[in-house]
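The values are calculated or read from the model by the stated rules, or taken from the named source; none is laboratory data. The model shown is predicted, which means the values in this text are computed figures rather than measured ones. Quick reminder, even Gly has a Cβ in these numbers, built from the backbone with ideal geometry, and neighbours come from all protein chains shown.
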Amino acid sequence: MKTSLQRLAAAAATVLLAVGASAHSGKALFHVIVDTDGAADDLRTLCMLLSDNRAEVMAVVSSDGAQSPRRTAQCVAAMLEEFYHEGIPVGEGRAVCKPAPRWRSRSERVDWGQQCESRTFTPAVELMRRTIERESEPVTILALGALTNLCDLATRYPELMPRIERVVWYDDKTTGRGANYEADPEAARHLLGCGIRIDIVSAGGRELPVRRTFIESVADIPSRYAGRICASHLCEPLSELIDRHHLCHWDEQTLLLLFRPELLAAHPAAGSVTLYTLADDVDRSTVEEALLEILRGRPDAESRVLYGFPTEEALYADDVKPIIDEALRRHGSNEWRAAVLTNELHGHLGIYATIGVKMGIRAREWFDIGVDDFEVVSMAGSQPPVSCLNDGLQTATGSTLGHGLITIADTDTPRPEATFRFKDDTIRISLKEEYADRIRRDCRRGVELYGADTPEYWQYVRDLAIGYWLALDRHDIFSVTVER
């Protein structure tokens, strides 16, 4: 059992690691491939993981278990699209051809979002191979179901195994013979004996039912991730299971090993396998608060000087105060922060600067990544007003001139458009013509009314910019194209 001193030392080491990695940039500490069988606890785990930018979810693959691999892939894809994380690829695993677990019909009724049943997916092993090959950092496999995909990967591509830093696997029995083991025991036996580092997280006989009070606390968190957990858990079949104390915090405990390891006790097993269970002095409330903390995300995730970002009305200009609460509700804190900083940097509250913020946040959202990760090529040129887009792009993405991550293309047709390269993937985002035309018309009217470069004109532009800031939804105003 871990002593209090040992747990304190583990916590301190975790904090030092986080500070060292995040003091300069917003880059992730963990680069994760998630393997899920589509159970309800997997849904909660994915939502929590996606909400914490210390982890980059590089891909999600499906395995056979609570749902079929095909249905799980459809569920995950639906949820990622609901979160606007279309850039996270989904792979479909192979069926193990064992009898379905007795809870499958119930799992298939859980609401993951609007599914497209005709969608096709990359085979899981090929997606894992491609993801690992292009990743320069050590990879973590977060296994929430059977180990089928990982076993197939190890068999076909053994040269990739050293690139996997560790496998974090949930199995509900300390004997290593729980439901995820039994879903594909042959794969589990192979991997547990082949020398790969596997950290098994287990309930260890301490079941922690998901309480209705926990879901109520989730409902207080203003994020899409929390909203999806609530939408799925406040209706059948999960609502009844919660009332019967039958639904437990299972797979979510793997996140404690990543983000709150001091709450777990290590029990070395054979070879490179270690079993982790909750430490004896960790109670239910501590676990619930740790999971809620992960789901909330860190308030200083993008800050290097501030802790969080101020939103008190007293700190803002009189004409900005009225939009604060509604803008935060509609567009989120990341966009608010970037828009405020951009307009302070920009020297006036500008239209295209604000459009650039929304474009940069949309690009980050596509891949679910933090700042400092993109190479950006802007097509906005170097002549105002369209070039004002560049200030918003830099602030929203962290891809600044100083970091050498943004290039202003030499073009005869400046326009509100940019490409964003993340690793081997590139997307092109452009302002839809209907919105670009609206901005041009509104600006021409200002010149007609007040003349160019007059105090009255700039007040008119400010009023327009505030209105656009609140009214324009980044999910509606842009066209996103995947570059091949």
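Some values worked out for this structure:
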{"item": "Qualifying positions in the range 448-484 - over 16 Å from PRO385 (Cβ atoms), surrounded by 13 or more Cβ atoms within 10 Å (Cβ to Cβ) and of a type in the set (Lys, Arg)", "result": "ARG474"}
{"item": "Output for the range 361-414, where each listed residue is of a type in the set (A, V, I, L, M) and within 21 Å of ASP476 (Cβ to Cβ)", "result": "ILE361, ALA363, MET379, ALA380, VAL386, LEU389, LEU393, ALA396"}
{"item": "The range 267-281, residues that are closer than 17 Å to ASP251 by Cα and touching a helix residue (DSSP H, G or I) at 6+ places or on another chain (Cβ under 8 Å)", "result": "TYR276, LEU278, ALA279"}
{"item": "Exclusive hit being hydroxyl-bearing (Ser, Thr, Tyr), more than 30 Å from ALA231 (Cα to Cα) and either touching a residue at least 12 places away in the same chain (Cβ under 8 Å) or not assigned by TED's automatic domain parsing to the domain that holds HIS31 (or both), set THR122, THR131", "result": "THR131"}
{"item": "ASP172 among the acidic types (Asp, Glu), in a loop (DSSP other than H, G, I, E, B) and buried (at least 18 other Cβ atoms within 10 Å of the Cβ)", "result": "yes"}
{"item": "Top-ranked residue of the range 366-400 - restricted to ones that are out of contact with any strand residue (DSSP E or B) (no Cβ under 9 Å at 6 or more places or on another chain) and part of a loop (DSSP other than H, G, I, E, B), ranked as nearest to LEU80 (Cα to Cα)", "result": "VAL371"}
{"item": "Sole exception among (1) surrounded by 13 or more Cβ atoms within 10 Å (Cβ to Cβ); (2) more than 24 Å from THR354 (Cβ to Cβ) for HIS331, by number", "result": "(2)"}
{"item": "Leading residue by the ranking (farthest from the chain's Cα centre (by Cα)) among those in the range 300-319 that are within 20 Å of ASP391 (Cα to Cα) and surrounded by 13 or more Cβ atoms within 10 Å (Cβ to Cβ)", "result": "PHE309"}
{"item": "Residue match in the range 60-68 (condition: surrounded by 22 or more Cβ atoms within 10 Å (Cβ to Cβ), touching a helix residue (DSSP H, G or I) at 6+ places or on another chain (Cβ under 7 Å) and of a type in the set (Asp, Glu))", "result": "yes"}
{"item": "Residue in the range 351-368 that is surrounded by fewer than 19 Cβ atoms within 10 Å (Cβ to Cβ) and in the same structural domain as ASP318 (by TED's automatic domain parsing) present", "result": "no"}
{"item": "The range 104-137: number of residues that are crowded, with 16+ Cβ neighbours inside 10 Å and assigned to a loop (DSSP other than H, G, I, E, B)", "result": "8"}
{"item": "Residues satisfying the stated conditions in the range 408-444, i.e. among the acidic types (Asp, Glu) and assigned to a strand (DSSP E or B)", "result": "GLU417, ASP425"}
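The rows are residues; the columns are (1) buried (at least 16 other Cβ atoms within 10 Å of the Cβ); (2) within 24 Å of the chain's Cα centre (by Cα); (3) of a type outside the set (Asp, Glu); (4) not assigned by TED's automatic domain parsing to the domain that holds THR45.
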position: GLU262; (1), (2), (3), (4): yes, yes, no, no
position: ALA266; (1), (2), (3), (4): yes, no, yes, no
position: SER272; (1), (2), (3), (4): yes, no, yes, no
position: TYR276; (1), (2), (3), (4): yes, no, yes, no
position: THR286; (1), (2), (3), (4): no, yes, yes, no
position: LEU291; (1), (2), (3), (4): yes, yes, yes, no
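Residue-wise test of (1) over 22 Å from ASP281 (Cα atoms); (2) of a type in the set (D, E, K, R); (3) modelled with pLDDT under 90.
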residue	(1), (2), (3)
GLY178	yes, no, yes
GLU182	yes, yes, no
ILE196	yes, no, no
VAL201	no, no, no
SER217	yes, no, no
ARG224	yes, yes, no
ALA231	yes, no, no
LEU238	yes, no, no
